[in-house]
1. Please specify each residue of the range B:257-313 satisfying the condition of being aromatic (Phe, Trp, Tyr), farther than 30 Å from B:Glu233 by Cβ and touching a residue at least 40 places away in the same chain (Cβ under 8 Å).
2. Examine the range B:526-540 for a residue that is part of a helix (DSSP H, G or I), assigned by TED's automatic domain parsing to the domain that holds B:Ser650 and farther than 16 Å from B:Thr679 by Cα, and state whether such a residue exists.
3. Pick out the one residue from A:Ala211, A:Ala184, A:Ala204 that is surrounded by fewer than 19 Cβ atoms within 10 Å (Cβ to Cβ), in contact with an Asp or Glu (Cβ under 7 Å, 6 or more places away or on another chain), more than 8 Å from chain B (Cβ to nearest Cβ) and farther than 27 Å from B:Lys345 by Cβ.
4. Pick from the range A:63-118 the residues that are under 30 Å from A:Cys192 (Cβ atoms) and in contact with an Asp or Glu (Cβ under 6 Å, 6 or more places away or on another chain): which of them is surrounded by the fewest Cβ atoms within 10 Å (Cβ to Cβ)?
5. Might you check whether a residue that is outside any helix (DSSP H, G or I), out of contact with any His (no Cβ under 8 Å at 6 or more places or on another chain) and exposed (fewer than 14 other Cβ atoms within 10 Å of the Cβ) occurs anywhere in the range B:777-785?
6. Within the range A:170-179, can one find any residue that is assigned to a helix (DSSP H, G or I) and either outside the structural domain of A:Thr255 (by TED's automatic domain parsing) or surrounded by fewer than 22 Cβ atoms within 10 Å (Cβ to Cβ) (or both)?
7. Output the number of the condition that B:Lys571 fails; it satisfies all remaining conditions of (1) in contact with a strand residue (DSSP E or B) (Cβ under 9 Å, 6 or more places away or on another chain); (2) under 23 Å from B:Gly597 (Cα atoms); (3) at pLDDT 95 or above; (4) within 11 Å of another protein chain (Cβ to nearest Cβ).
8. Need the failing condition index for A:Glu143 against (1) in contact with a Lys or Arg (Cβ under 9 Å, 6 or more places away or on another chain); (2) closer than 26 Å to B:Ser346 by Cα, just the number.
Amino acid sequence: MDISKLNEIKEKAIERIKDAKNSDELVEIRNVFLSKKSELMSMMSTLGQMEAELRKEMGQKINEVKMNISNALDKKVQEIKELELQKTLEKEVIDISLPAKGKESGGKNPFFVVRDEIIDIFLGMGYEVMDGPEVELDHYNFELLNIPQDHPARDMQDSFYINENVLLRTHTSPVQARTMEKKAGKPIRIICPGKTYRRDDDDATHSHQFAQIEGLVVDKDINIGHLKATLELFAKKMFGEKREIRLRPSYFPFTEPSVEVDITCANCGGKGCNICKGTGYIEILGGGMVHPNVLKMNGYDPEVYSGFAFGIGIERVAMLRYGIDDIRKFYTDDVRFLHQFKKKI
Amino acid sequence: MLVSVKALSKLVDLNGLDGEKIANGLTFAGIEVEEVKRIASGTNLIIGEVLECENHPDSDHLHVLKVNLGDKYGVEQIVCGAPNARKGLKVIVARVGAKLPEVEIKKGVIRGVESNGMCCSLLELGVESKYLREEQTKGIEELPKDAPVGEENVLGYLGLDDEILNLKVLANRSDLLSLYNVALEVGAIFNREVKELEAPAIINGESDIKVGSNTYRCSQFSIKEIRDIKVKESPEWMKQFLMSMGVRSINNIVDIGNYVMLMTGQPLHMYDADLLPKKELIARDDLTLDFVALDEKTYKVIPGDIVISSDAKAMCLGGVMGSLECAVTEKTKNIYIEAASFDAKSVRHTSQRLGLASESSMRFVKGTNHFRSKFVLEYTANLIKDLCEGKVFGDVKEYQSEEERDLIVESSTERINKRLGTSFSEKEIIDVLERLHFKVEDKGNGKFIAHVPSFRLDVTCDADLSEEVIRVLGFEHVKSILPNLDLTVGALSEEQKKERLVREQLLSLGLDECLTYSLVSDKENECYSLVNKDEPYVILNPLTDDHKVFRRNIANSLLSVASYNVSRQNKNLGLFEISNIMTKNKQEKHLCIVLVGNRLDQGLMKQERYDFYDMKGYLESVMTILGIENSRYKLERAKENLDELHPGRSADIIAQGQKIGVFGELHPNKLKEYDLGKTSALVLEMDLNALFNLKVGLIKAKPYSRFPNVTRDLALVLDKSVEARDVIKTIKTIGKGLVRDAEIFDLYEGGNIGDNMKSLAVTITFGSDERTLSDKEVNDLEEKIKFELNKAYRAFLRM
């Protein structure tokens, strides 16, 4: 037994470890060089017969070789494991373009997108949201809004009647009267979104059913400037900070003065184009100062209180905002239409 | 209301204003001008004279003309197809380069002959055919013999150089259905002088017609008698005026009636004086009779209709239409002209009932001036004298039941500015009101009294005055300031919040949110009345039978949406809608969900038919987010609508002992009816209000055990009719505190299980808050559960 033999074993082992291709080979190498039956171990068993001095020296040498082989093996095992994992990972490559597993939101009819957004704008300004019945009494729909029997304005809104006194509301304005009744003389700041009905034949721009958002503020010292500022804020939030509004005199029986509100055309920025018919402006809503008769009839002293009201057409806003050309699309619910409106911001 | 700028210019100084400017001024003063259009147009026009007219060598209808265009342009050769082209005719020529409404004229060769221009008809200049005589529409326009050759201002020569404003007159400004009042308005807006309408009374004879009214529906009734008139064609100026205002010329007397109405806003009616049964015209509203009107049709007159009677016979339906019996014709010599005031409501009812609407009835419905008939009749008389050679004029006979009152409105600079949010001076405010023909009395300290002009029926209070001020001075003077209001909690109500939560949840789960019409047909309303079976509201005056009933459930509407989509190859659908429902005795808020086709788990790669349990999942998800625990509602097998729902795959949703909703698979027969194809479809409808009204407490966090749980699986074989929820309930009851949960994880039928049997696999979770359970404890409990399940359901373990 000599050192050269030890070195020979070591070199041989290292050589084989180096050439090993897989973990099975490594197990075998470990068996051949480090098991109890291995040459190295049998050399170890002969140590006992040696002189103390030599025994110590040889023991150290054998251990050294054993450690060397063992370390080399461990290192190689690690390498091969890495390699094998790498291979597995390569095999596990998938097509990342295949369809996702259904986690998609549904599409929200743009009618609701706009309705919810308008509501949120006014909630932010401290408004309450009121509801009112769609089957309504003539009393609330007309009488209390300064539209008595045979007022010419009743011609403007040809209505669906259930009987002489009951009809489908032609606007959300009856909620004004209902709210004033409920608030009994206290200040009011409300909006009311809801469905309304008029006897119009359906076409691209008319619908027997449509929806409005009514707004009403009643307090002391309210004037048109307040209405203007409120609607300006609404228009900018809804259509963009660059939009400006303009008021034009108009007529509604329940407001005086009454206004139509135009907004600068988003398409051309006010220069004039096809969409705004060259005017640079698009009509978006109507409003005005609550008529003193309406305040009086609903229990508010017009000498003390004043107020403004407005009505926004939900479909109209949605059509302008999204470039929708036919109001009937809101009521058809083609999913190819709905699916375009999944974005929630 | 159509307004001719040319006619307007005769009443108010329009120097420097064109149609566009006037339209803009009116629009921003609250009188919207919807359109400005030219009555005729064309460039490069000139008057020419046909010197020669030869037949085209290569055509059987074309002519080759030599047309003299005067010194400047000389003689041109023009090929013309008009049958009336002939030598000596004075014609309108559109020279090469002319732009006409429809065409541009180019130099051309027509069948081998050179042509330099076109001879025109008025149609080609854009004049509507309704204003033209038949022969004018068939050939080129024949100008008078004295037409000046070489004149290039052809439209001016023809009186067609006019712009027409189309005014959208709003319901409160019926006074603007009068050209003269439009002139007053334009004068006020642009601060221009307006001419007075003059009508000196013409009276040279006696009139013995008796006039009166027996009804409040006719508050004023006036007649002027004129004798020896000649009915003939109107002069050109009259024809042109009417054409520009959108009315066709008939003859001088009819034209005068229309002219006066357009000018003053007061509708007139004319009677042939010799055809009245009696020398009286009395308004009454108590007659029932058959009325033969001018249009030769017979109408039923009932009490409430205003009838102008003579000897109890109907001569006219007041404000609506005259009778054939005493109509003015070309033979008429002597006439009675009526200017009256009729109740708007009655005229509206009569004209709506009989389907007779006219320019006159429209004016009465919107309101006329009740105190101007004398002036209007004299104004008419002056025209008749000029145009119809009327000879004998009686005095105006008038019945008048009202007293003209001076309407005054008190206000002040401060009040007006306060309403408007402006800071106009007293001078500015008073100036505007005076321009609008209010008479203003200054009361000092900014206070004043405004006398409202009698034609302004719409001004009654100082809010109205503020509108007058701002519409003339402009809304740009209004300062835009947000109101300084008390802080409030702007927030949705509890119910509104819950509705939003449900909508957002269903959207997040992938359902599409729909919107459908509330009005449905009778038949549709009967389909899928799953929740509300109350008596519906029915529309008295529907537009179509398709939209006649206010629906009491949504399901049919949403199934129709599904049907629409499936027919367009959108076959896999998850839809929902929330809508208010109103019936005679109920006010509800319904949620409806419809599922059709497949649930796409990974696009089309992994898809599975929607089934009952998908819908159940949506239901539970809604319940969970609303905090409604499953102990507060239960499902029972559906008992109704079993011809519309699969009887074995549908359930009623019961809460607080009430049925609040239903869901299930569509009955196979219905799949076909809705054209949904060979697939599966499910529907759910429930009343959300019933859910929203359930009180829900705050969450109280409970401690959970520190000790590990143990799970055991059981595969049970039992009768098919045993419901899983009973098995689970039994297990939990027996397991008392130690069974933490029991869940079904598999269902197997068929194979070697045996008919009418099924295998349910249950996983039971055991656990304790105090200790780790020993194997023995769990084993004993499991044995006991098996024993009890066998006793209760004859369930045995699957081998």
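The values are calculated or read from the model by the stated rules, or taken from the named source; none is laboratory data. Model, not experiment: these values are computed from the prediction. Note that we place each Cβ from the backbone using ideal geometry, even for glycine, and neighbour counts take in every protein chain shown.
1. At the first step, the residues of the range B:257-313 found to be aromatic (Phe, Trp, Tyr) are B:259, B:271, B:291, B:299.
Filter once more, so that each one left must be farther than 30 Å from B:Glu233 by Cβ: B:291, B:299.
If the condition is that a residue be aromatic (Phe, Trp, Tyr), farther than 30 Å from B:Glu233 by Cβ and touching a residue at least 40 places away in the same chain (Cβ under 8 Å), then B:Tyr299 is the only one that fits.
2. First, the residues of the range B:526-540 that are part of a helix (DSSP H, G or I): B:526.
Next, from what is left, pick out any that are assigned by TED's automatic domain parsing to the domain that holds B:Ser650: B:526.
Now drop any that are not farther than 16 Å from B:Thr679 by Cα, which leaves B:526.
Yes, some residue in the range B:526-540 is part of a helix (DSSP H, G or I), assigned by TED's automatic domain parsing to the domain that holds B:Ser650 and farther than 16 Å from B:Thr679 by Cα.
3. On the way: A:Ala211 fails: surrounded by fewer than 19 Cβ atoms within 10 Å (Cβ to Cβ); A:Ala184 fails: in contact with an Asp or Glu (Cβ under 7 Å, 6 or more places away or on another chain).
Going through A:Ala211, A:Ala184, A:Ala204 in turn, the sole match is A:Ala204.
4. Narrowing the range A:63-118 to residues under 30 Å from A:Cys192 (Cβ atoms): A:105-118.
If we keep only those that are in contact with an Asp or Glu (Cβ under 6 Å, 6 or more places away or on another chain) as well, we get A:106-109, A:112.
Numbers: A:Gly106: 23, A:Gly107: 24, A:Lys108: 24, A:Asn109: 24, A:Phe112: 20.
Selected residue: A:Phe112.
5. Kept after step one, since they are outside any helix (DSSP H, G or I), are these residues of the range B:777-785: none.
Within the range B:777-785 (the criterion being outside any helix (DSSP H, G or I), out of contact with any His (no Cβ under 8 Å at 6 or more places or on another chain) and exposed (fewer than 14 other Cβ atoms within 10 Å of the Cβ)), the answer is no, since none of the residues qualifies.
6. As a first pass, look at the range A:170-179 and keep what is assigned to a helix (DSSP H, G or I): A:174-179.
Cutting the leftovers down to either outside the structural domain of A:Thr255 (by TED's automatic domain parsing) or surrounded by fewer than 22 Cβ atoms within 10 Å (Cβ to Cβ) (or both) gives us A:178-179.
Within the range A:170-179, one or more residues are assigned to a helix (DSSP H, G or I) and either outside the structural domain of A:Thr255 (by TED's automatic domain parsing) or surrounded by fewer than 22 Cβ atoms within 10 Å (Cβ to Cβ) (or both).
7. (3)
8. So A:Glu143 meets the others, but not (1).
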